[in-house]
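Worksheet: the structure to be examined is printed underneath.
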Amino acid sequence: MCGIVGYVGEEQAAPILLDGLQKLEYRGYDSAGIAVYDGTDINVVKAKGKLSALCDLTQDGEAMKGYVGIGHTRWATHGEPSVTNAHPHYNQSKSIAVVHNGIIENYQPLRDKLIRRGYEFHSETDTEVIAHLLDYYYKGDPKEAIIKVMHRVVGSYALGIMFKDHPGKVYAVRKDSPLIVGVSEHGNYIASDVPAILKYTRDVYYIDNQELAELSMHEVHFYNADLEEIVKELVTVEWDVEAAEKGGYEHFMLKEIYEQPKAVDNTISPRIKDGKLVIDELNMTEEEIRNISRIYIIACGSSYHVGMVGKYVIEKMTRIPVEVDLASEFRYRDPVLEKNSMMIVISQSGETADTLAALRLAQKLGSKVLGIVNVVGSSIAREADNVMYTWAGPEISVATTKAYSTQLVSIYMLATLFGQVRGLIDEQEYSKILKELCALPEKIQELLGDKERIQWFASKYANAEHIFFIGRGVDYASSMEGSLKLKEISYIHSEAYAAGELKHGTISLIEDGTLTVALSTQPDLYEKMISNVVEVKSRGAYVFALVSADNQGMKENADFSVVIPKTYDCFVPSLSVIPLQLFAYYVSVARGLDVDKPRNLAKSVTVE
Ligand code: AGP
């Protein structure tokens with residue numbers, strides 16, 4: 001999604017803006033621009049394509065003098081990628097400049113009204129409306145003008161704004177799109193995300209919806225929607241710069257795959273005290289847990305796949321019925337929610353528009369919502385009634401890996417706690433489960449050791465056209481994630497299928513040499529899966545099997561196998577996903593693709 005950076009301080013602004021935008025490239029973009037006040041005018045330079053084009057145009061910022069500026073990387077929503085549509089946008093006299101992340105849903109009527117009042121538009125963007133609307137309302141006080149614009153626009157926005165009449169200031173305001181303020185002795189910053197300013201400061205303020213920030217060289221002030229000054233809590237970001245960089249790996253994705261043992265341990269350990277699971281952030285009494293009638297899990301993409309695993313695991317361990325929904329479906333299907341039900345939304349970024357909308361709808365329907373979120377202070381984290389953070393740390397690669405794994409173990413912890421409170425897990429079983437839970441990091445580490453074999457196998461299939469993933473039970477849910485990982489970074493067509501469903505149509509697609517990845521880790525389904533593998537092999541398929549050590553039959557039928565270490569059956573998805581992540585990664589590398597920034601995708605999908 002779009003990235004925003006702003007700076008006001010003692011240093012030259014342009015190089016800081018460009019550096020910050022570089023750290024936000026992972027959000028996905030197609031053009032970029034910066035505006036800097038040079039003491040007389042606001043100078044704006046924009047470029048289509050990669051950030052390097054903008055750096056070339058501005059000699060890495062050296063050609064733009066000034067101590068105040070805003071910058072933007074654009075992921076096109078309204079209007080094709082172009083210099084004209086790139087941000088910053090400005091009013092006719094170039095006395096106001098604005099950068100925006102989000103969507104102004106009522107931009108068309110506002111644009112029509114402004115045109116009727118003589119305003120000229122040059123771009124196709126919704127953002128340009130904000131620049132002219134600010135001009136329309138500006139009577140000398142920037143905050144007044146901004147508040148009026150806030151009350152007029154409908155939609156989502158994070159805005160960085162400069163006024164030529166107020167040269168030493170940068171203004172920031174947000175609704176539903178992320179924005180933070182960073183403070184340091186050399187100046188103050190705004191940014192869409194922490195990595196953009198981590199090099200300069202770890203002291204940040206998280207702006208809440210419809211709060212306004214006014215930054216000058218040595219001061220930051222915050223105001224509410226009534227322009228009353230408010231005091232905000234200063235947060236120290238624990239991420240280190242290293243964590244936000246590649247750390248010696250070729251791609252962020254590989255780094256994050258290898259960070260999974262640590263990320264999973266960081267998510268589990270703080271919630272185990274004296275041999276007991278303690279999840280205080282649930283804010284639920286045992287009575288409330290016993291009274292849960294149904295659980296709804298709503299998410300998108302890989303987070304949705306965690307929900308699919310969650311259905312099998314939670315129902316098995318707690319006997320609570322679970323419904324899993326794609327957020328983009330849930331929000332428009334006029335859902336019926338059961339009384340005493342529990343709603344869980346899962347989101348790595350905490351900014352996915354569909355998931356945020358689903359959360360709000362659930363709350364409107366009377367549900368309390370638990371958010372399982374990775375990004376601290378994100379919109380979903382703030383708006384959920386309760387938040388269970390996954391301590392995966394910054395996940396930069398568009399294809400999620402460590403965040404997915406930490407979401408899985410969060411679900412396991414919930415299921416274990418609920419199962420125990422509802423009297424379905426006795427003390428002996430409980431301690432065995434906790435032991436297996438705590439052993440997951442080392443078993444993940446063990447599977448990472450199989451990297452070479454998987455890399456070799458992946459290179460053989462770099463030119464495949466179709467790859468199928470099949471499984472039953474939690475293996476079916478895991479096969480969904482394996483298929484998505486492959487698709488999104490290798491661009492190879494792939495489908496995940498319930499193995500028992502193949503004979504109802506899809507098996508007609510299996511032909512000589514078709515690679516079929518079969519997941520078979522659930523003992524009570526071994527025989528069924530062997531039949532499915534025999535089915536596809538008889539039609540020429542080449543079978544890559546993920547098997548438990550005791551599944552000799554499958555090993556004999558498969559052409560290539562990876563053995564999944566034994567663990568509590570419900571926790572297998574945390575292990576089977578590792579070879580699938582490595583397989584997708586190495587296929588993408590073999591195809592010479594941009595693993596961390598795949599085409600058309602963004603790390604945080606903050607638009608519908
Ligand atoms: C997963 O690799 C993709 N990047 C994508 O499917 C992602 O899981 C989805 O957009 C949901 O994102 P979220 O977890 O941040 O809400």
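Could you give the DSSP H helices of the chain that reach 27 angstrom or more along their long axis (alpha carbon positions) and whose average Kyte-Doolittle hydropathy is no lower than -0.5?
Helices passing the filter in the chain: 402-421, 427-448.
List the lysines whose Cα sits under 22 Å from the Cα of Lys537, skipping any in the same chain fewer than 8 residues away.
Cross-link targets: Lys460, Lys503, Lys528, Lys555.
About the Cα centre, and with charges only on the beta carbon of Lys, Arg (+1) and Asp, Glu (-1), how big is the dipole of the chain? Nearest 20 debye, please.
For this selection, approximately 900 debye.
For Gly79, list long-range residues whose amide hydrogen, built 1.01 Å from N in the peptide plane, is under 5 Å from its own amide hydrogen.
Correct list: empty.
Restricting the count to DSSP beta bridges whose residues both fall in the chain, what percent are antiparallel, rounded to a multiple of 5?
60
Please enumerate, by chain and number, the lysines with C-alpha under 20 Å from the C-alpha of Lys276, excluding those fewer than 8 residues away in the same chain.
By straight Cα distance, Lys276 reaches Lys432, Lys435.
Evaluate Rg over Rh across segment 239-368, taking Cα atoms for both radii and Kirkwood's formula for Rh.
That ratio equals 1.02.
Return the long-range amide H neighbours of Arg472 (sequence gap of 5 or more, or a different chain), with a cut-off of under 5 Å between placed amide H atoms.
Counting only residues 5 or more places away or on other chains, the set is Ala499.
Which one of Met150, Ile70, His100 has its Cα pushed farthest toward the positive end of the charge dipole of segment 68-156, where Lys and Arg give +1 and Asp and Glu give -1 at the Cβ?
Result: Met150.
For Gly350, what residues show an amide H to amide H distance below 5 Å, using hydrogens built from the backbone and excluding near sequence neighbours?
Asn374, Val375
Gain in length, Arg591 to Leu234, computed as 0.36 nm per residue apart minus the alpha-carbon separation, to one decimal in nm?
124.0 nm
Using the crude model of +1 on Lys and Arg Cβ and -1 on Asp and Glu Cβ, and no other charge, please compute the dipole size for segment 126-246 relative to its Cα centre, in debye to 20.
For segment 126-246, the charge dipole is close to 340 debye.
On the accessible surface of the chain, probed at 1.4 Å, how many percent belong to carbon and sulfur atoms?
Of all accessible area on the chain, carbon and sulfur atoms account for 49 percent.
Calculate, for Glu556 and Asn600, the FRET efficiency according to 1/(1 + (r/R0)^6) with r their C-beta to C-beta distance and R0 41 Å; round to the nearest 0.05.
According to the calculation, E is roughly 0.50.
If R₀ is 56 angstrom, what is the calculated FRET efficiency for the pair Lys460 and Arg319, using the beta carbon separation as r and rounding to 0.05?
E(calc), rounded to 0.05, equals 0.80.
Restricting to segment 233-345, compute how many DSSP beta bridges are antiparallel as a %, nearest 5.
Beta bridges within segment 233-345, antiparallel portion: roughly 15 percent.
Ordered by residue, what ³J(HN,Hα) values in Hz, to whole numbers, does segment 510-520 give under the Karplus form 6.51 cos²θ - 1.76 cosθ + 1.60, where θ = phi - 60° and Gly and Pro are x?
7, 9, 3, x, 5, 7, 10, 8, 10, 9, 9
Please work out whether the chain counts as rounded, prolate or oblate from its C-alpha gyration tensor, where a ≥ b ≥ c are the square roots of the eigenvalues and a/c under 1.5 means rounded, while otherwise a/b larger than b/c means prolate and anything else oblate?
Prolate, because a/c is 1.5 or more and a/b exceeds b/c.
Between Met217 and Glu446, 0.36 nm times their residue separation minus their Cα-Cα distance comes to what?
77.4 nm
The values are calculated or read from the model by the stated rules, or taken from the named source; none is laboratory data. Computed from a predicted structure; not experimentally measured. No Cβ is skipped: glycine too gets one built from the backbone with ideal geometry, and neighbour counts run over all protein chains shown. For the accessible areas, the whole protein counts, side chains as well, though only heavy atoms, and no ligand, DNA or RNA atoms are used. Shrake-Rupley method; radii C 1.70, N 1.55, O 1.52, S 1.80 Å.
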